[in-house]
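Single-structure report; data block below.
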Amino acid sequence: MTNRASIALTFDDGPDPTHTPLLLNVLKQHKAQATFFLVGKQLEQYPDIAKQIITEGHEIGNHTYSHPNLRKLDYQQIYEELYIMDLMIRTVTGQSPTLFRPPYLYYNDNVLKAAKKLGYEMILRSIETFDYRNPGVRKIIKSVLGNLKHGDIVLMHDAGGNRMDTITAVEKILIECQKKDYQFVKVSKLLHK
Ligand SMILES: [Zn+2]
């Protein structure tokens with residue numbers, strides 16, 4: 001057993017044909033693992049990138065089929081959003097996803113019920129980078145390194161716009177944190193070790 005601090009980096013809304021492969025390269029170079037919460041509409045366009053995510057040792061979570069505000073849907077619609085995406089992940093990767101993150105982090109009792117019914121653990125986050133607002137590399141880094149501690153789950157995005165700042169920030173975060181001997185692990189490992 002080691003006492004190294006573990007951090008989970010998570011990336012939402014992909015796969016993205018430009019940014020996800022670049023991000024995967026950065027993660028590989030720094031021997032970091034991460035969790036990707038994929039959207040079905042992206043996955044059906046870029047299944048090979050999803051396969052690459054798995055091949056390179058990362059983890060895929062369910063971020064719904066069409067990225068709706070689930071609070072505006074009824075139970076059956078919520079269930080379908082999760083179930084269709086669940087099937088797609090299984091079909092493309094051969095793996096059974098266990099983690100779910102609701103779009104915009106919006107949920108209610110029906111969302112919890114549908115996720116539970118499908119055997120999912122709902123994952124929110126402990127550190128928000130707001131990278132989707134394009135605040136710049138320095139602010140993204142500061143939001144992560146500001147008070148990073150063991151067990152943190154960091155929310156970032158590798159799709160939905162120009163995410164080059166996120167990728168640059170991730171590389172600098174990895175370099176800084178590895179000096180401190182932090183390790184970057186999948187969310188499931190963080191939760192269940
Ligand atoms: Zn999202």
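The residue pairs whose first member lies in the range 98-124 and is on the phi > 0 side of the Ramachandran plot, whose second member is surrounded by 14 or more Cβ atoms within 10 Å (Cβ to Cβ), and whose beta carbons are closer than 8 Å, counting only pairs six or more residues apart or on different chains, are Leu105/Arg125; Gly119/Thr98.
Applying the criterion of being more than 20 Å from Ile89 (Cβ to Cβ) and of a type in the set (Val, Ile, Thr) to the residues of the range 109-138, the residue that is surrounded by the most Cβ atoms within 10 Å (Cβ to Cβ) is Thr129. Taken over the range 139-163, the criterion of being under 23 Å from Val39 (Cα atoms) and either of a type in the set (Phe, Trp, Tyr) or open to solvent by 80 Å² or more (accessible area, probe 1.4 Å) (or both) is satisfied by Asn162 alone. If the condition is being surrounded by fewer than 15 Cβ atoms within 10 Å (Cβ to Cβ), under 17 Å from the mean Cα position of the chain (by Cα) and not charged (D, E, K, R), then the range 45-92 contributes Thr55, Gly57, Ser66. Filtering the range 152-193 to residues that are under 24 Å from Ala50 (Cβ atoms), of a type in the set (Lys, Arg) and more than 16 Å from the ligand (Cβ to nearest atom) leaves Lys186, Lys189. Figure legend. Inter-residue proximity from the range 18-36: first residues open to solvent by 40 Å² or more (accessible area, probe 1.4 Å), second residues of a type outside the set (D, E, K, R) and in a helix (DSSP H, G or I), beta-carbon distance below 7 Å, spacing 6+ or different chains. Indicated pairs: Leu22/Ile167. Among the residues of the range 150-171, none qualifies, meaning not one is in contact (Cβ under 8 Å) with a residue 24 or more places away in the chain and in contact with a Cys (Cβ under 8 Å, 6 or more places away or on another chain). The residues listed here are Ile141, Ile89; of these, the one that is closer than 18 Å to Thr10 by Cβ and either in contact with a strand residue (DSSP E or B) (Cβ under 7 Å, 6 or more places away or on another chain) or of a type in the set (Lys, Arg) (or both) is Ile89.
The values are calculated or read from the model by the stated rules, or taken from the named source; none is laboratory data. These numbers come from a predicted model, not from an experiment. Positions of Cβ are backbone-derived with ideal geometry, glycine not excepted, and every protein chain shown enters the neighbour counts. What goes into the accessible areas is simple: the full protein's heavy atoms, side chains included, and nothing from ligands, DNA or RNA. Shrake-Rupley method; radii C 1.70, N 1.55, O 1.52, S 1.80 Å.
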